[in-house]
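Participant: My questions will all concern the structure given below.
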Amino acid sequence: MTIVTTAAPPESPGKGVEVRVGPASEAIPTPLLFLGRALRTLWSNRKARVGLCIIGFDILIAICAPLIAPHSPTATTFTPYSGPTATNWFGTTGNGQDVFSQMIYGSRITLLVGLAAGALATLVAVTIGLVAGYRPGAVDEVLSFITNLALVIPALPLMIILAAYLQGRSIWTIVLVVAFTSWATGARVIRSQATTLRSREYVTAAVFSGERLFRIVFREILPNMTSLVAASFFGAATAAILAEASLEFLGLGNPSTVSWGTILYFAQQQNALLTGQWLLVFAPGLAIALLAVSFTLVNFGVDALSNPRLREKS
Amino acid sequence: MRYRYLRRKVVLFVITLWAALTLNFLLPRLMPGSPVDAALGKLAAAGVPITNAERTAIEIQLGVPHGNLIAQYWQYLTGIAHFNFGVSYSFPNETVAQAIGSAAPWTLVLVGSTTIFAFIIGTLLGVYAGWRRGKGADSVITVGATFFAGFPPFWLGLLALYWLSFKLGWFPIKGGYSPGLTPSLSLSFLADAFKHSILPALALAITSLSGWVFGMRNNMINTLGEDYVTFAEANGLRTRTVALLYAARNALLPNVTAFGLSLGAIVGGAVLVEGVFGYPGLGNLLYIAVSNHDYPLMQALFLVITVSMLVAIFIVDLLYVRLDPRVGE
C-alpha cells in the first residue's frame, strides 16, 4: 500500500507546496484555489481517487451526452421490447426507445439531483448545526430536538409520503423532498464540533474584539470544520442518489424525464425481467450503485483528512 | 444517577412521540391540493357506497376542515387511540387497521431477523477489519462493504429474483408463502415462509452491512490506541483475547446506539424490497398504497412505521444503561 499522505514531504517544492496547509497558500483565500487544494489533498488518498475518477467520468458523460448518445432518448422509433442489437446496444423499452441513449442522458438528472440535494441538505445541516452549537441553552435544545426527531423518523417512508402528496412533480420536488429528509446526520456532527470549537481561545478573542455573531460563526468557526462539511455533503449526495432512484422506481418521480430511476421504473412496469431484458434493470441500477459508491469513496478521503488515525499508512 | 437518565429518556420519548404524531397530523394539511376527491373517486370506482358518514370520515382524515384545527387534532388523536384509521380504498373490504394488523407480523419478522443478522455479521467483519487494519483482509472487507452499501436494495432484490428464482428456480418467485397454504404456526408453513423470506432478507442484509462494518472498524481502531490495550498486549495475552475481550467489547458500545437508527434504513429498504418480492408486509402495503393513491393507508402506515421505530430506539436506550453503567452517572 503505497499512499502518499498529506504529511509526506512533497517531491518537488513547486508542485506540492499548496497541498500543505501553510502560510503561503493561506494568504490567497480565493474559493477556487481552496477547492483546488482540497481536491489535490483528496487525490492523495487512493479510495478517494477512484471515487473522483468515477464522478468525473459521469460528469463528462452528462455534459457530452448529445455527442455520445447515438439516438434521441425519447424517440419511440425502434422495435419495442428488442434485446441488444447493433443499433440499440442495450435493447429498447416497451415504447420503442433506445435504452443506451437513455442511460447516457439519464446521467444528467441523477447527477443533478444528487449534487443539488446534497448541497441543499448540507446548507441546512451547516446552518442548524452551527447555530445550535454556538448558542447553548434554549436555541440549542430546540434545534437539537428537531435534529434528533429528523434522525429517528424513517427517511424513505417520509419521502414517499411527501412525494405522494406533492403533485406538480418536477425533479426539483424530488430535490426538495430528499434535502428535507437527509440533513440531520450532518447537522448533529457539525453541532458537536461547533460546541467544542466555541470555547477555543481564538473564538474568545474574536468575541472580545467585538466581531459580529455572523462573522464569528462563518469566518472563525466554519473554516475549521471544512472536512465535516465536505463529509456531510458527500453523505447527503449518496443518500440523495439512492433516494431519487427509490422514489422514481415507485413512480413518484416525473415519468416524462429520462433518468436512471425512471428507466428502472419503466423496466419494472413493462416486466422487463419476464421478457428476459435483464439489461434494462441491470444497467441503470449498476450506474446508480457506482455513482453512490464513488461518493462514499470520496468520503473515505475526507474522513482520513480529519482523523489521522484512519489514514492509510504509506 | 441512573434514575435521572431514565427519567430524561422517558420524557424525551414522550415528546418525540407527540412530535411524530403531530407531524403526521400536519403533513396532509400543509400539502397543496385535495386528495379527498381522488379518494372518493377511488371508493366509488371500487363500488363502495359513499354515505355521508364515510365522506366525513375521509375528509377528517385527509384534513378537510371540520371545525377548527384544535377540534380536528382532538378527533385525530382519539381516532389513533382507538386504532381507528378509517377505510382503505385499496382493500375495500378491510379497514386500514385490519390491513396493517395482518401485514405487521411479516415485516416484524423480516426486518427484525435481518437487522440482527446484519448487526452480528457486520460487527464481526468490522472487528476483524479493524484488527487487521491495512492488511489484505481489511481492504477486501471495507471495499466490499462500500460497494454493497451503494446498491439500492430493491435492485439487488430484482436481480436475485431474476437469476436465482426465475432462471435457476432455487427460490420461490413471489409472496410470503406458497399460494394455497393458510398462514398457521405449523412446521410446514413456517418452513415455506422461511424459504420465501431468504431472498428479501439477503437483499436487505447485504446492503445494510456496511454501517456496522465501518462503525465497528473505526471504533476498533480508536480503541486499539488506548493504553489498556497496549498494557494487555504488553502482558503477553493472546492476540485473540486482546482483540475480542479488551478492544472489541469496548468498541461495541457506540455501535449499540446506532442500532435504533439503522433500523430506519432497513425499514426504508424493506418498503421497496417487499414491493419487489410481493412480500405481504407493511412495505408491500405502502407500495400498494402509493400506486393506488390510497392516502389513508399511506398516512396510517407512516404513523405505524414511525412509532415502532421510536419504541425500538427507546428500548435500545433503556438496554444501553445495562451495557454501559457510565451513562447513568
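The values are calculated or read from the model by the stated rules, or taken from the named source; none is laboratory data. Computed from a prediction, not measured in an experiment: that's the story for all the values here. All Cβ positions, glycine included, derive from the backbone under ideal geometry; neighbour counts span all protein chains shown. Calculation scope for accessible area: heavy atoms of the full protein, side chains included, ligands and nucleic acids excluded. Shrake-Rupley method; radii C 1.70, N 1.55, O 1.52, S 1.80 Å.
Participant: Hey, can you tell me all the residues within region A:235-263 that are part of a helix (DSSP H, G or I), more than 7 Å from chain B (Cβ to nearest Cβ) and closer than 21 Å to B:Glu274 by Cβ?
Facilitator: Passing the criteria: A:Ala239, A:Ala243, A:Glu244, A:Leu247, A:Glu248, A:Gly261.
Participant: For region B:215-228, check the following and say yes or no: at least one residue is farther than 24 Å from A:Thr296 by Cβ, away from chain A (no Cβ under 14 Å) and without any contact (Cβ under 8 Å) to a residue 24 or more places away in the chain.
Facilitator: As a first pass, look at region B:215-228 and keep what is farther than 24 Å from A:Thr296 by Cβ: B:225-228.
Now drop any that are not away from chain A (no Cβ under 14 Å), which leaves B:227-228.
Filter once more, keeping what is without any contact (Cβ under 8 Å) to a residue 24 or more places away in the chain: B:227-228.
Taking every residue of region B:215-228 in turn, at least one turns out to be farther than 24 Å from A:Thr296 by Cβ, away from chain A (no Cβ under 14 Å) and without any contact (Cβ under 8 Å) to a residue 24 or more places away in the chain.
Participant: Still on this structure, I have one more. Whether any residue in region A:232-243 is over 25 Å from B:Val271 (Cα atoms), modelled with pLDDT of 85 or more and not hydroxyl-bearing (Ser, Thr, Tyr) is what I want to check.
Facilitator: Yes, there is a match, as at least one residue in region A:232-243 is over 25 Å from B:Val271 (Cα atoms), modelled with pLDDT of 85 or more and not hydroxyl-bearing (Ser, Thr, Tyr).
Participant: Please enumerate the residues belonging to region B:272-307 that are in contact (Cβ under 8 Å) with a residue 12 or more places away in the chain, more than 19 Å from B:Ala203 (Cα to Cα) and of a type in the set (Ser, Thr, Tyr).
Facilitator: Result: B:Tyr295, B:Thr306.
Participant: Could we say that A:Ser227 is farther than 30 Å from A:Ser72 by Cβ, out of contact with any strand residue (DSSP E or B) (no Cβ under 9 Å at 6 or more places or on another chain), at pLDDT 85 or above and in a helix (DSSP H, G or I) here?
Facilitator: Numbers: farther than 30 Å from A:Ser72 by Cβ: yes; out of contact with any strand residue (DSSP E or B) (no Cβ under 9 Å at 6 or more places or on another chain): yes; at pLDDT 85 or above: no; in a helix (DSSP H, G or I): yes.
No.
Participant: Among the residues of region B:107-125, count how many are surrounded by 20 or more Cβ atoms within 10 Å (Cβ to Cβ) and farther than 13 Å from B:Ser262 by Cβ.
Facilitator: So the answer is 3.
Participant: Here is a check on your reading of the model: is B:Ile288 closer than 16 Å to B:Leu125 by Cα and either of a type in the set (Asp, Glu) or out of contact with any strand residue (DSSP E or B) (no Cβ under 6 Å at 6 or more places or on another chain) (or both)?
Facilitator: So B:Ile288 does not fit the description; no.
Participant: I need a count of the residues in region A:129-151 that are open to solvent by less than 10 Å² (accessible area, probe 1.4 Å) and either within 11 Å of another protein chain (Cβ to nearest Cβ) or small (Gly, Ala, Ser) (or both).
Facilitator: Total satisfying the criteria: 3.
Participant: Any residue at all in region A:152-171 that is at pLDDT below 85, open to solvent by 40 Å² or more (accessible area, probe 1.4 Å) and either part of a helix (DSSP H, G or I) or polar (S, T, N, Q) (or both)?
Facilitator: Scanning region A:152-171 turns up at least one residue that is at pLDDT below 85, open to solvent by 40 Å² or more (accessible area, probe 1.4 Å) and either part of a helix (DSSP H, G or I) or polar (S, T, N, Q) (or both).
Participant: Filter region B:263-321 for residues that are more than 9 Å from chain A (Cβ to nearest Cβ) and closer than 20 Å to B:Leu30 by Cβ and give the result.
Facilitator: B:Asp294, B:Pro296, B:Leu297, B:Ala300, B:Leu303
Participant: So, one more: Filtering region B:89-106 down to residues that are open to solvent by 30 Å² or more (accessible area, probe 1.4 Å) and of a type in the set (A, V, I, L, M), which residue is nearest to B:Gly275 (Cα to Cα)?
Facilitator: Only one residue tops the list, namely B:Ala104.
Participant: Additional query: Please give the number of the condition B:Ser188 fails out of (1) modelled with pLDDT of 75 or more; (2) open to solvent by 20 Å² or more (accessible area, probe 1.4 Å); (3) small (Gly, Ala, Ser).
Facilitator: It fails just one condition, (1).
Participant: What is the residue count in region A:264-285 for residues that are at the interface with chain B (Cβ under 10 Å from one of its Cβ atoms), open to solvent by less than 40 Å² (accessible area, probe 1.4 Å) and not in a loop (DSSP other than H, G, I, E, B)?
Facilitator: Here the count works out to 5.
Participant: Same structure again: For region A:215-241, which positions are over 30 Å from A:Gly114 (Cβ atoms) and open to solvent by 60 Å² or more (accessible area, probe 1.4 Å)?
Facilitator: Result: A:Arg215, single match.
Participant: Return yes or no: is B:Pro200 in contact with a strand residue (DSSP E or B) (Cβ under 8 Å, 6 or more places away or on another chain), part of a helix (DSSP H, G or I) and open to solvent by less than 10 Å² (accessible area, probe 1.4 Å)?
Facilitator: Answer is no for this residue.
Participant: Now, a different point. Report yes if B:Ala247 is within 14 Å of chain A (Cβ to nearest Cβ), surrounded by 15 or more Cβ atoms within 10 Å (Cβ to Cβ), touching a Gly at 6+ places or on another chain (Cβ under 9 Å) and of a type in the set (Gly, Ala, Ser), otherwise no.
Facilitator: Yes: the conditions hold for B:Ala247.
Participant: If you scan region A:175-218, which residues turn out to be within 18 Å of A:Val142 (Cα to Cα) and aromatic (Phe, Trp, Tyr)?
Facilitator: Passing the criteria: A:Phe180, A:Trp183.
Participant: Being surrounded by 18 or more Cβ atoms within 10 Å (Cβ to Cβ) and either farther than 30 Å from B:Val316 by Cβ or at pLDDT below 80 (or both) narrows it down to one of B:Gly63, B:Gly33, B:Gly41, so name that one. Can you show your working first?
Facilitator: Working: B:Gly33 fails: surrounded by 18 or more Cβ atoms within 10 Å (Cβ to Cβ); B:Gly41 fails: surrounded by 18 or more Cβ atoms within 10 Å (Cβ to Cβ).
From the options B:Gly63, B:Gly33, B:Gly41, the qualifying one is B:Gly63.
Participant: Same structure again: Take the residues in region B:273-325 that are outside any helix (DSSP H, G or I) and in contact with a Gly (Cβ under 8 Å, 6 or more places away or on another chain); name whichever of them is surrounded by the fewest Cβ atoms within 10 Å (Cβ to Cβ).
Facilitator: Among residues in region B:273-325 that are outside any helix (DSSP H, G or I) and in contact with a Gly (Cβ under 8 Å, 6 or more places away or on another chain), the one surrounded by the fewest Cβ atoms within 10 Å (Cβ to Cβ) is B:Gly278.
Participant: Sticking with this structure for a sec: Going residue by residue through region A:286-298, is there one that turns out to be more than 9 Å from every other protein chain (Cβ to nearest Cβ), surrounded by 24 or more Cβ atoms within 10 Å (Cβ to Cβ) and of a type outside the set (Phe, Trp, Tyr)?
Facilitator: yes
Participant: Any chance you could count how many residues in region A:275-314 are within 21 Å of the chain's Cα centre (by Cα), under 30 Å from A:Val258 (Cβ atoms) and either at pLDDT below 80 or among the β-branched types (Val, Ile, Thr) (or both)?
Facilitator: Count: 4.
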